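To keep things clear, I will list the structure first and then write my remarks on it.
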Amino acid sequence: MLQISEPINSQAASHKVFSSQALFELAFRPFFLLGTLSSIAALGYWILMLNGYAGFSLSGLNPVVWHLHEMLFGFGATVAVGFLLTAVQTWTGLKSIKGWALASLVGLWLAVRLFIWHNTPDSLAFALGLQTLWWLGVIAAMANLVWRSRNSRNYLFVPLLIALMLVNNAILLADIQANVPLALHLGRVCVLLFVVMMSLVGGRVIPFFTSRGAQVGSIQPIHWLEQAVVVSSLLMVVTYFASYFVASLTIFSHGLMLIAALLHMARTFNWQTAKTLFVPLLWSLHLAYLSMAIGLFLLGLSYFVEVLTLSSAMHVITIGAIGLMIFAMMARVSLGHTGRVLQVPLLVGVMFGLVFVALLARVVLPVWLDTLLAWNISVACWITASGIFLWRYMPILTRPRVR
């Protein structure tokens, strides 16, 4: 269970300046900041390209593949790794990666981004190699702690990280070999892997945080439902991946998406969402998880209902579920693991709201507005939300823990 420590003195270190030692104290600090900055840069450049104000190298990654790669891995996986390498310290009771070892991972990450942005065949080859080294370092750090502690409950995160690494590399290799359809399919597989990760992490922390933060008492899991959620989600990923090679599996994969979506929705009914409406650190998590269930349902339905597009359903998950949950977890973990009170100002609630508006603008507004205008609004909302996070949390993440 991820527990957040309460502070001893909430003001003791508020005046201290940036500390490189503090920045590399735990993985959430640099990777939350870098992931957020990466999303601003990637989405900013993407929308400039769509509006005709920026060019794109035609010798490297396909523009759409580059976009999904940088949002899924430059942002999503980066923040997820920062969270997992921080949470594993609490889960196992052992010290997680820090100091020079963590700084080395950050250096590899920065080098990968540099080569991906350069976007030539040679730079992509370097990116692929360095990216593999980064993933292997992350996996080794995670596996070492859960294995040494015999923390069997969290063994599943190791193969999940391995799967993300393999999909990440396969996306680049497929595009390098000019197989853009396969690269895009693997990108969607990666989104579903994030769904599995969110179902595992969210299923633990959301009811726990809700019982503490909303003071509703202990929320007991429904054991058959918990098992069904995980099994259906894993089967969904496997069958959807295989459907690219065996077309007859497509209907089964989309059917499993519908089943998994309904199970996720049933799960939320047990979490007393209505009691969280005035607690931003809670309602944001509940809304993200509900968006995941709705996105999965739309994704499954898109095979059977022509008017529903795969792209729109995917963006419900990527923006409304992955994006909002990431911002909600970053806001909470950044406070709890630096010894600060788990309370946020109105501006942080606005940040969560902007991420959800970005979802609505991307998926719903094109029904009434010009599509490009709607996408511009969506990106503007995301970048503004990211800016709020950096303005509010950069001082927290770059200064020593409050004592």
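Readers should treat all values here as calculations from the given coordinates under stated rules, not as data from a laboratory. None of these values were measured; they are calculated from a predicted model. Cβ: placed from backbone, ideal geometry, glycine included. Neighbour counts: every protein chain shown.
Considering only DSSP states other than H, G, I, E and B, which chymotrypsin sites (Phe, Trp or Tyr not before Pro) in segment 348-383 qualify as loop sites with at most 16 other Cβ atoms within 10 Å?
Trp368
At what distance in nm do the modelled label points of Gln343 and Arg392 sit from each other, each positioned 7 Å from its Cα along Cα→Cβ?
Placing both labels 7 Å beyond Cα along the Cβ direction yields 1.5 nm.
Can you give me the Cα centroid spacing of segment 246-314 and segment 47-84 in angstrom?
So the separation of the two Cα centres works out to 24 Å.
Work out the FRET efficiency for Gln215 and Asp370 from their Cβ-Cβ distance, taking R0 = 45 Å, and round it to the nearest 0.05.
0.45
Taking the Cβ of Val355 as the center, what net charge do the other residues with Cβ under 15 Å away carry, scoring Lys and Arg +1 and Asp and Glu -1?
Result for the neighbourhood of Val355: +3.
What order do you get for Val231, Val363 when you list them from fewest to most C-beta neighbours inside 10 Å?
With the fewest neighbours first, Val231, Val363 line up as Val231, Val363.
Excluding Leu130 itself, what net charge comes from residues whose Cβ is under 14 Å from its Cβ, given Lys and Arg +1 and Asp and Glu -1?
0
What helices in the chain pass both tests, a Cα length along the helix axis of 15 Å or more and a mean Kyte hydropathy of 1.6 or higher, using whole DSSP H runs?
The answer, listed by residue number, is 157-176, 280-301, 324-336, 346-363.
Please give me, ordered by residue number, the trypsin sites (Lys or Arg not before Pro) of segment 88-186 that lie in loop per DSSP and have at most 12 other Cβ atoms within 10 Å.
Filter output for segment 88-186: Lys95, Arg150.
Select from Ser253, Ser96, Ser311 the residue whose mean-square fluctuation is largest in a Gaussian network model of the chain (Cα-Cα springs shorter than 10 Å).
Answer for the Gaussian network model of the chain: Ser311.
What does the charge add up to near Gly213, with Lys and Arg as +1, Asp and Glu as -1, over the other residues with Cβ less than 10 Å from its Cβ?
With Lys, Arg at +1 and Asp, Glu at -1, the neighbours total +3.
How would segment 336-403 be classified by its alpha-carbon gyration tensor: rounded, prolate or oblate, with rounded meaning a/c under 1.5 and the a/b versus b/c comparison settling the rest?
prolate
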